[in-house]
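**Student:** I have a structure here, written as structure tokens, and I will follow up with some questions on it.
The values are calculated or read from the model by the stated rules, or taken from the named source; none is laboratory data. No experiment lies behind these values; they were computed from the predicted model shown. Cβ coordinates were reconstructed from backbone atoms using ideal geometry, including for glycine residues, and neighbour counts include every protein chain displayed. Please note that ligands, DNA and RNA were not included when accessible areas were found on the heavy atoms of the full protein model with its side chains. Shrake-Rupley method; radii C 1.70, N 1.55, O 1.52, S 1.80 Å.
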Amino acid sequence: CFGTLAQRSPESCATIHALLSYARKEALRFFDVNIRQSYYSKELIASLLEEANVFKINDEELDLIREMFSLSEDEDTACRQLVERYSLRYMILTAGSRYSSVYTAADKSTILTPKVEVADTVGAGDSFSGAFVYSILAGKSLREAHQTAVGTAAFVCTKEGAWPAYPI
């Protein structure tokens, strides 16, 4: 799992690329773009997309990426263009309190975000990512993995802090 923010220094950038060079071809290489301040460029994002086979982005970041990479104005088409252009196994689009979609070359899962009493959104995105990856590695279907990710992120939002105690 890697993103643009961790690429701020030459040392961490080199380290991440070195680690990625050792990843097996079939391993999930999860790129969570996390566009923040000025710590990104088209070149950096393109190079990380070449390394990734899973790409997670939110709706606001997609607007920026659409313009940057000359993608369709239509959200669905833009996501499908990214899947095809970069041979992604999974493309995850989150839209906060509205919905999320997960794309593959042949499928799409869209789930509305559950309505919960939000205490804190910190950690929701990372918990979504972790639950999705775990579920895929455990053999769940796309829809099941997506549902687990959505439910986990919603649960995290109901608690203070990024590391709530999970029910067993």
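**Student:** Which one of 105, 131 is within 13 Å of residue 154 (Cβ to Cβ) and of a type in the set (A, V, I, L, M, F, W, C)?
**Tutor:** Result: 131 is the single residue among 105, 131 that is within 13 Å of residue 154 (Cβ to Cβ) and of a type in the set (A, V, I, L, M, F, W, C).
**Student:** So in the range 33-62, with the set limited to residues that are of a type in the set (A, V, I, L, M, F, W, C) and modelled with pLDDT under 90, which one is surrounded by the most Cβ atoms within 10 Å (Cβ to Cβ)?
**Tutor:** Among them, the one singled out is 35.
**Student:** Which of the residues spanning the range 1-32 are among the small types (Gly, Ala, Ser) and either in a strand (DSSP E or B) or exposed (fewer than 14 other Cβ atoms within 10 Å of the Cβ) (or both)?
**Tutor:** 9, 12, 14, 18, 21, 23, 27
**Student:** Restricting to the range 115-151, count the residues that are polar (S, T, N, Q), touching a Ser or Thr at 6+ places or on another chain (Cβ under 7 Å) and at pLDDT 95 or above.
**Tutor:** Adding up the residues that qualify gives 2.
**Student:** Name the residues in the range 75-100 that are touching a strand residue (DSSP E or B) at 6+ places or on another chain (Cβ under 8 Å) and within 15 Å of residue 60 (Cβ to Cβ), would you?
**Tutor:** Within the range 75-100, 75, 79, 92, 93, 94, 95, 96, 98, 99, 100 meet the criteria.
**Student:** Which condition from (1) closer than 30 Å to residue 160 by Cβ; (2) of a type in the set (Val, Ile, Thr); (3) surrounded by 17 or more Cβ atoms within 10 Å (Cβ to Cβ); (4) out of contact with any His (no Cβ under 9 Å at 6 or more places or on another chain) is the one that residue 65 breaks?
**Tutor:** (1)
**Student:** Go through 43, 61, 73 for me and flag whichever is of a type in the set (Asp, Glu) and over 27 Å from residue 113 (Cα atoms).
**Tutor:** Within the list 43, 61, 73, the selection yields 43.
**Student:** Among the residues of the range 63-72, is any in contact (Cβ under 8 Å) with a residue 24 or more places away in the chain and under 18 Å from residue 2 (Cα atoms)?
**Tutor:** Checking the range 63-72: at least one residue is in contact (Cβ under 8 Å) with a residue 24 or more places away in the chain and under 18 Å from residue 2 (Cα atoms).
**Student:** With the requirement that a residue be out of contact with any helix residue (DSSP H, G or I) (no Cβ under 6 Å at 6 or more places or on another chain) and not small (Gly, Ala, Ser), what does the range 5-15 give you?
**Tutor:** 5, 8, 10, 11, 15
**Student:** Mind listing whichever residues of the range 95-124 are under 26 Å from residue 50 (Cα atoms), touching a residue at least 40 places away in the same chain (Cβ under 8 Å) and open to solvent by 30 Å² or more (accessible area, probe 1.4 Å)?
**Tutor:** The answer is none; no residue qualifies.
**Student:** Confirm whether residue 13 is in contact (Cβ under 8 Å) with a residue 12 or more places away in the chain and of a type outside the set (Ser, Thr, Tyr).
**Tutor:** no
**Student:** Also, I was wondering about something else. Based on this model, can you work out whether residue 83 counts as at pLDDT 95 or above and either touching a helix residue (DSSP H, G or I) at 6+ places or on another chain (Cβ under 7 Å) or surrounded by fewer than 20 Cβ atoms within 10 Å (Cβ to Cβ) (or both)?
**Tutor:** So residue 83 fits the description; yes.
**Student:** Among the candidates 105, 162, 78, which residue alone is at pLDDT below 95 and aliphatic (A, V, I, L, M)?
**Tutor:** 162
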